[in-house]
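None of the figures in this text is laboratory data; all of them are computed from the coordinates on show. Owing to the predicted nature of the structure, the values given are computational and were not obtained by experimental measurement. Here the Cβ positions follow ideal geometry from the backbone for every residue, glycine too, while neighbour counts run over all protein chains shown.
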């Protein structure tokens with residue numbers, strides 16, 4: 001499906017070609033400009049028909065003539081010559097043409113493409129042989145070894161470049177899956193060095209070696225089990241439809257629009273009492289740590305501790321080696 005900008009660009013590009021060839025059939029026009037035939041007639045008569053130079057009076061607009069599947073154009077001499085490419089546009093077109101040549105290989109269409117690129121390079125005085133394309137990651141030996149490792153379920157030894165530390169590190173990994181995002185290809189793997197799952201950018205793998213040692217762990221199942229376990233907090237887990245009533249400062253009233261509430265009472269100009277459902281105490285504790293410390297738990301279901309915020313804050317301090325009775 002063409003975007004509106006692409007449709008307009010192709011419609012304008014049709015004009016000089018139609019003038020030079022004294023019209024053509026709708027089928028030929030749609031094929032040549034790779035335009036959806038089912039919308040071409042409507043776009044010619046309802047879009048291109050209203051194109052023209054200032055002051056855009058009826059006598060200045062392009063005239064479209066349709067008859068028995070044929071189309072002619074008149075009053076469009078101002079667009080009779082193709083648009084001129086800038087140096088940047090021409091170079092970009094040459095690079096993309098070279099990329100297409102690599103894809104086509106020795107196919108017959110490559111001859112026409114080579115001829116077109118030769119003419120374009122001569123016009124801008126650039127030798128196509130000077131344009132060297134870097135091999136894509138998918139064509140690299142690294143990518144092929146990764147695919148083989150995933151298929152054979154074997155461990156791999158890699159040397160990986162870290163952008164943050166600006167150094168290479170040696171790792172033994174269990175390849176799990178390949179994914180792509182934002183023009184880059186990533187390897188999802190279990191790293192024996194970190195004893196955890198890591199995501200590696202494939203183009204930053206400097207060296208790779210497929211080992212003979214077989215991966216004897218089903219990492220897809222293991223990750224699913226870990227994600228399920230991490231979703232349950234053993235310290236704060238509870239069941240049932242719990243809710244809590246909080247006395248909050250009005251500066252924290254954003255929680256009313258962000259989270260579902262069952263009741264809101266106005267205490268005075270400064271405070272509100274908000275009643276909201278609670279999925280887990282862990283979630284409630286994190287919420288309380290984000291809002292004002294003067295927030296008060298007015299009422300809570302039996303499964304919820306009124307000191308949840310203090311308890312969670314204490315756990316965080318202990319984790320980082322700080323507490324009320326610590327050395328500071």
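A few points about this structure:
- The range 136-227 - percent relative contact order, Cα under 8 Å, separation 6 or more: 30
- For the range 115-159, projected area of the alpha-carbon convex hull averaged over all directions, nm²: 5.2
- Shown here: the range 139-221, whose C-alpha atoms stretch 33, 26, 23 Å along the first, second and third principal axes, sorted largest to smallest.
- Normalising the average separation of contacting C-alpha pairs (under 8 angstrom, six or more residues apart) by the number of residues puts the relative contact order of the range 242-319 at 39 percent.
- Sorted from longest to shortest, the spans of the Cα atoms of the range 242-319 along the three principal axes equal 38, 23, 20 Å.
- Here the spin labels are modelled as points 7 Å beyond Cα on the Cα-Cβ line, and at residue 216 and residue 116 they lie 5.8 nm apart.
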